[in-house]
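Below you'll find the structure, written out as structure tokens, and then a few comments.
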Amino acid sequence: MKLAEALSIRKDLQKRIFQIEKRLEDNVKVQEGDEPAENPEELMKELDGCLNRLEELIWHINLTNVQTVNEAGKTITQMIAEKDVLTMRISALRDTFEKASSQRERYSHSEIKMVTVVDVKQLGKQIDEYSAKLRKLDIEIQTLNFQTELL
């Protein structure tokens, strides 16, 4: 099985677990004299089975990520960490860019005038550079995911 397939299965399992949890919530209490729509004990068994499969799958994914190395010598785990930090960096810079480039109207000359103290144009370029780097990194990770066999 390829790593990409395992990641897809993991995502599906996580959705299924969420759905089972919701079904459990809906069936653990009923009005006195009524029967639940689904047997909570069977739902608990199904949940336990899904969680056990998820745990094993995550273990194999993590093992694969830490042992798979790209041409530059970085593991997928390192690349994911870099991607996460780049995403956070871009988000922070975009928030700063939006704040710095917003225009606040003054209603009178007696109101305090706010001025931007950062180079908005340079900040925009920085965001574009980091975004391009993020796209390239994401494509590289996805390529490895489709080429790599799950350990």
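The values are calculated or read from the model by the stated rules, or taken from the named source; none is laboratory data. The model shown is predicted, which means the values in this text are computed figures rather than measured ones. When we count neighbours, we look across all protein chains shown, and the Cβ atoms used for this are built from the backbone with ideal geometry, even at glycine. Just so you know, the surface numbers come from the protein's heavy atoms only, side chains and all, with ligands and any DNA or RNA stripped out. Shrake-Rupley method; radii C 1.70, N 1.55, O 1.52, S 1.80 Å.
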Note to self: with every protein chain in place and a 1.4 Å probe, the chain gives an accessible area per residue in Å² of 76 Å²
For the range 91-151 the trypsin sites (Lys or Arg not before Pro) that pass both the DSSP coil test and the at-most-12 other-Cβ-within-10 Å test are 104, 106, 113
Under the helix-only model (-39500 (n - 2.57) for each DSSP H run of 4 or more, divided by the residues of the chain), the mean residue ellipticity at 222 nm, to 500 deg cm²/dmol, is -25500 deg cm²/dmol
The whole-number value in µm²/s of the Stokes-Einstein translational diffusion coefficient for the range 1-129, with Rh from the Kirkwood sum over alpha carbon pairs at 37 °C and 0.692 mPa s, is 163 µm²/s
Unit-weight point scatterers at every alpha-carbon of the range 54-137, Debye formula, q = 0.12, 0.17, 0.23, 0.24 1/Å: log10 I(q)/I(0) is -0.56, -0.81, -1.05, -1.09
Counting only protein heavy atoms with a 1.4 Å probe and every protein chain in place, the carbon and sulfur fraction of the accessible surface of the chain in whole percent equals 53 percent
The answer for chymotrypsin sites (Phe, Trp or Tyr not before Pro) in the range 53-151 that fall in a DSSP coil and have at most 12 neighbouring Cβ atoms within 10 Å is 107
Quick P(r) readout (the range 1-73; Cα-Cα; 10 Å bins; whole %) gives 17, 36, 22, 14, 7, 2, 1
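Taking the mean number of other Cβ atoms within 10 Å as a proxy for protection, how do you rank 67-78, 30-41 from highest to lowest?
Averaged packing, sorted descending, gives the order 67-78, 30-41.
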